[in-house]
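The values are calculated or read from the model by the stated rules, or taken from the named source; none is laboratory data. These numbers come from a predicted model, not from an experiment. Don't worry about glycine lacking a Cβ; one is built from the backbone with ideal geometry, like all the others, and counts go over all protein chains shown.
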Amino acid sequence: MKHMKVGGLMSDDVVSAVPSTPFKQLAKLLAEHEISGLPVVDEDEHVLGVVSESDLLARRRTSARELMTAPAVTVYAEEAVADAARLMVRRGVERLPVVDEEERLVGIVTRRDLLCVFLRPDAEIRQRIREDVLSEAMGLPRDAVDVHVLDGVVTLEGRVRRRSRARVLLRLAERVDGVVAVVDRLSAAEDDTFPAATSAARTAQNTPW
């Protein structure tokens, strides 16, 4: 299933600092470029940490080495945008330095950059679920279930053979770029989601001795 990658949204024009960058220069960089934080890199462009406005406000002197938050929370350019968004929320950060396979800085992505994914038109979301999820990922006809999308909220309605397949369908739909939430209105001909132990116990109870 296709996902939008971080590399497709990031800015590759990154304002960065080195560990020896002094306080005043850091403040100047943030003000001149109207940004709230910047990565600190070594001579090989490896990300060592991040300096934010709050770091500067907390300590009004010294250099990036003493001010930066380390280790930095980074993301790979090939990671899915949805995963990057979840990482931002989990770690409580506003921006993520983007690195390549060798952990070298290649860009920066902000919460504002990621928001554009959730502005995806409903019709496009519906098409992606029918083609990428139902057809490609699950091998089902595109119209196997009804897919309704309103303001990014997806409602899946219909009947599938097994409940386990419905659960997979719901999880995959949640991961489609632009999906805000998924409403489950699926029914199943067979509920195969009981734990094995429970099923065994029920079989034993129903077996004549």
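Please name all residue pairs, on different chains or six or more residues apart, with Cβ atoms under 7 Å, provided the first residue is in the range 174-194 and is within 9 Å of residue 163 (Cβ to Cβ) and the second residue is among the β-branched types (Val, Ile, Thr). Qualifying pairs under 7 Å: 186/145; 186/160; 188/160. If I go through the range 157-173 residue by residue, how many of them are in a strand (DSSP E or B) and of a type outside the set (D, E, K, R)? Count: 2.
Residues in the range 83-132 that are closer than 19 Å to residue 172 by Cα and among the β-branched types (Val, Ile, Thr) were compared, and the one that is surrounded by the most Cβ atoms within 10 Å (Cβ to Cβ) is 129.
Residues that are in contact with a Leu (Cβ under 7 Å, 6 or more places away or on another chain) and more than 13 Å from residue 38 (Cα to Cα) within the range 54-86 comprise 59, 75, 81, 84, 85, listed in sequence order. Is it the case that some residue within the range 151-174 is modelled with pLDDT under 90 and in contact with a His (Cβ under 8 Å, 6 or more places away or on another chain)? No - not one qualifying residue is present in the range 151-174.
Only one of the numbered conditions (1) touching a His at 6+ places or on another chain (Cβ under 8 Å); (2) part of a strand (DSSP E or B) is violated by residue 98, and that is (1).
In the range 6-20, which residues are surrounded by fewer than 18 Cβ atoms within 10 Å (Cβ to Cβ) and either assigned to a strand (DSSP E or B) or among the acidic types (Asp, Glu) (or both)? Within the range 6-20, 11, 12, 13 meet the criteria. Within the option set 168, 145, 160, 149, being touching a helix residue (DSSP H, G or I) at 6+ places or on another chain (Cβ under 9 Å), under 27 Å from residue 9 (Cβ atoms) and touching a residue at least 12 places away in the same chain (Cβ under 8 Å) holds for one residue only, 149.
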